[in-house]
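This report concerns only the one structure given below.
The values are calculated or read from the model by the stated rules, or taken from the named source; none is laboratory data. What you see is a predicted model; the values in this text were computed from it and never measured. With ideal geometry, Cβ positions are generated from the backbone for all residues, glycine too; neighbour counts draw on all protein chains shown. Ligands, DNA and RNA are stripped out before the accessible areas are found, and what is left, the full protein with its side chains, is counted by its heavy atoms. Shrake-Rupley method; radii C 1.70, N 1.55, O 1.52, S 1.80 Å.
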Amino acid sequence: MERKEIKKVLLLGSGALKIGQAGEFDYSGAQALKALKEEGIHSVLINPNIATVQTSKGVADTVYFQPVKAEFVERIIEKERPDGILLSFGGQTALNCGVELYEKGVLEKYGVEVLGTPVQAIIDTEDRDLFVKRLDEIDVKTIKSEACSTVEEVQKAAHELGFPVILRAAYALGGLGSGFCDNEEELLAQAEEAFSFSPQVLVEKSLKGWKEIEYEVVRDKYDNCITVCNMENFDPLGIHTGESIVVAPSQTLTNSEYHKLRALAIKIIRHIGIVGECNVQYALDPNSEDYRVIEVNARLSRSSALASKATGYPLAFVAAKLGLGYGLFDLKNSVTKTTSAFFEPALDYVVVKIPRWDLTKFQGVKRQLGSSMKSVGEVMAIGRTFEEALQKGLRMIGQGMHGFVENHAIKIPDIEKSLHEPTDMRIFVVSKALKIGYTIEQIHQLTMIDRWFLQKLKHIVDIDQQLKEYAHLSEVSEFMEPSEFKEYLQSPEVALLLRAAKVYGFSDFQIARAIGLENRMKMEQAGLTIRKWRKILGLVPTVNQIDTLAAEYPAQTNYLYLSYL
């Protein structure tokens, strides 16, 4: 069907907000609706959630506040008679619903064309057996696993693979019902939980401790492909991506590893036949270039929303246009206005995504992190260095923290146990461990966090320690003459230390607390005093822009960031 024949399109929306399915799908759906509006196509949206952007007046032409379930969608198709349907913008719920409509013959009955990725490609990525077979055809390694439909099959598979194993519920969102099992007792308990979410349970050999890497890949119907962004989890495999700090672009991969995984991602998306956007997740052996493909999401995902914001490349908007039949070369990047969509963004900065939990609201809740999601939100921070971006993000997560260091006393009764068994406070446990003398190697052995990240965190602690050695600054500032103190501030050792603190993400208040100003004046005044000192040194932030290769487009605040480097 030519795209000019498409006059009405049905979009399966983001649905109810829940863990594993939240604002990222509202964002992608709203972008898709914007693309349809630009093409003059009548959009019909199904979304029961009134608290979303995509259900706001004027975003979609027709809105049905109905559940994203096959029986409701079928009745709406019967009434609206759309020419096409978009399945990949509403998360796992929309994808599952679209597959059900296809298998029941509803789409064929009403002549509704699936735009973008064909349903068979979706099924190939969702059904584990089919997925493994499809990747075997092109000699791409996957995690050794067995798809089971009974507890007995799960037990048999676990014994054949050998403990430890991970159980994952198929077709589930946010790692629902998944978990690691080290013995028979844990296996039976986890199997019971997994089968409560899905009729198919996957038993996989555990690769706990390997790096987790993701690539966002885009392909058009002409077989043109680009990788928009690659990301790396701060935590090793074993903690769900939604529970982990994620860094873009990857920081610890060698050039060889980066290009090997990029080439594989393009090979996979071409073989499966995805049109639009997809997310490829890898496990990478930290001691070699050995890898396994964990999964392929043939839809917009949580990572897609992060990649869009991190790079300025409007993934969902482009994916919707590709679904309508355009090629990447036909489209302009709607953010930069100057580059085409067939253009990989340039990142000369670091983006860090940090999850946010609300576990303190509940009594008796298990705070341990694992393969099933508990986080209820996330923040994104941008900086010129990993340290700067991380500290910015930690200030935004709503836990009353001022960054990686100089927080109020955090009570951790057993540091070693907290490092080995990660909780929502893991990053602050690492901070505490470094402060009391744990070495990078000791923390690495307990957490399997890459040594590069730990060295950067140690760097923050080292700067903090150097600041503490200048506690006399708060005193001399009071008895020195202003001109004398200005001269002292401008001395190389003081000026360079304050500059280093700002470059690596210290807030004015963090610096004030480190040198003891907080003990001599009010909290707000302490931060303002450091600001005053900075201005004497001419130490002020610069405004930077995402995707600096396309600097001509009108400035938009959500694509700008401040930095001292």
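Between residue 108 and residue 409, what is 0.36 nm times their sequence separation minus the Cα-Cα distance? Round to one decimal in nm.
102.1 nm is the gain from fully extending residue 108 to residue 409.
Measuring from centroid to centroid over Cα atoms, what is the spacing of region 98-174 and region 457-496 in Å?
When both Cα centres are located, 59 Å separates them.
So, taking all protein chains as they sit and a 1.4 Å probe, how much accessible area belongs to residue 513, in Å² rounded to tens?
So the heavy atoms of residue 513 present about 30 Å² to solvent.
Show me 87-95, 242-250 ranked by packing, highest mean number of other Cβ atoms within 10 Å first.
87-95, 242-250
If you average the alpha carbon positions of region 304-347 and of region 213-292, how far apart do those two centres end up, in angstrom?
18
Dipole size in debye (nearest 20) for region 399-438 around its Cα centre, Lys and Arg Cβ +1, Asp and Glu Cβ -1?
80
Of all the Cα-Cα pairs you can form in region 415-533, what percent are over 16 Å apart?
Of the Cα pairs, 64 percent sit more than 16 Å apart.
Quote to one decimal, in nm, the extra length available between residue 263 and residue 16 on full extension: 0.36 nm per residue of separation minus the C-alpha distance between them.
Value of the extension gain: 85.3 nm.
For mean projected area of the Cα convex hull in nm², which listed value, (1) 27.6; (2) 29.6; (3) 26.1, comes from the coordinates shown?
Identified label for the calculated read-out: (1).
In Å², what does the accessible area per residue of the chain work out to with a 1.4 Å probe?
42
Would you mind checking the tilt of helix 255-272 against the longest principal axis of the Cα atoms of the chain, expressed as 0 to 90 degrees and rounded to 10?
20
In whole percent, and with a 1.4 Å probe on the protein chains, what portion of the accessible area of the chain is carbon and sulfur?
51
Normalising by the residue count of region 353-512, find the relative contact order in percent from Cα pairs under 8 Å and 6+ residues apart.
Taking the mean separation of contacting Cα pairs over the length of region 353-512, I get 24 percent.
Take the alpha carbon gyration tensor of region 384-457, find the square roots of its eigenvalues, order them as a ≥ b ≥ c, and report rounded if a/c is under 1.5; if not, report prolate when a/b exceeds b/c, else oblate.
Oblate is the answer for region 384-457, as a/c is 1.5 or above yet b/c matches or exceeds a/b.
Residue by residue, what Karplus-based ³J(HN,Hα) values in Hz, rounded to whole numbers, does region 220-232 have, using 6.51, -1.76 and 1.60 with θ = phi - 60° and x for Gly and Pro?
9, 5, 8, 6, 7, 9, 9, 9, 7, 6, 10, 9, 9
Restricting to region 69-202, what percent of DSSP beta bridges are antiparallel, rounded to 5?
Percent antiparallel among DSSP bridges in region 69-202 is about 80.
Relative contact order for the chain: what percent, with Cα pairs under 8 Å and sequence separation of 6 or more?
Answer for the chain is 12 percent.
With each pseudo-label sitting 7 Å past Cα toward Cβ, what's the residue 133-residue 182 distance in nm, one decimal?
Spacing of the two 7 Å Cα→Cβ label points: 3.7 nm.
Of the cross-linked pairs 353/392; 133/208; 144/417; 486/532, which ones have a Cα-Cα span greater than 18 Å in the structure shown?
Over 18 Å apart, Cα to Cα: 133/208; 144/417.
Quick one: Karplus J couplings for region 114-123, per residue in order, coefficients 6.51, -1.76, 1.60, θ = phi - 60°, nearest Hz, x for Gly and Pro?
7, 8, x, 4, x, 4, 4, 5, 5, 4
Mind jotting down a quarter of the surface of the convex hull over the alpha carbons of region 422-461, in square nanometres, one decimal?
Average projection, Cα convex hull of region 422-461: 2.5 nm².
Taking 25 Å as R0, compute the FRET efficiency from the Cβ-Cβ separation of residue 5 and residue 340 and round it to 0.05.
0.50
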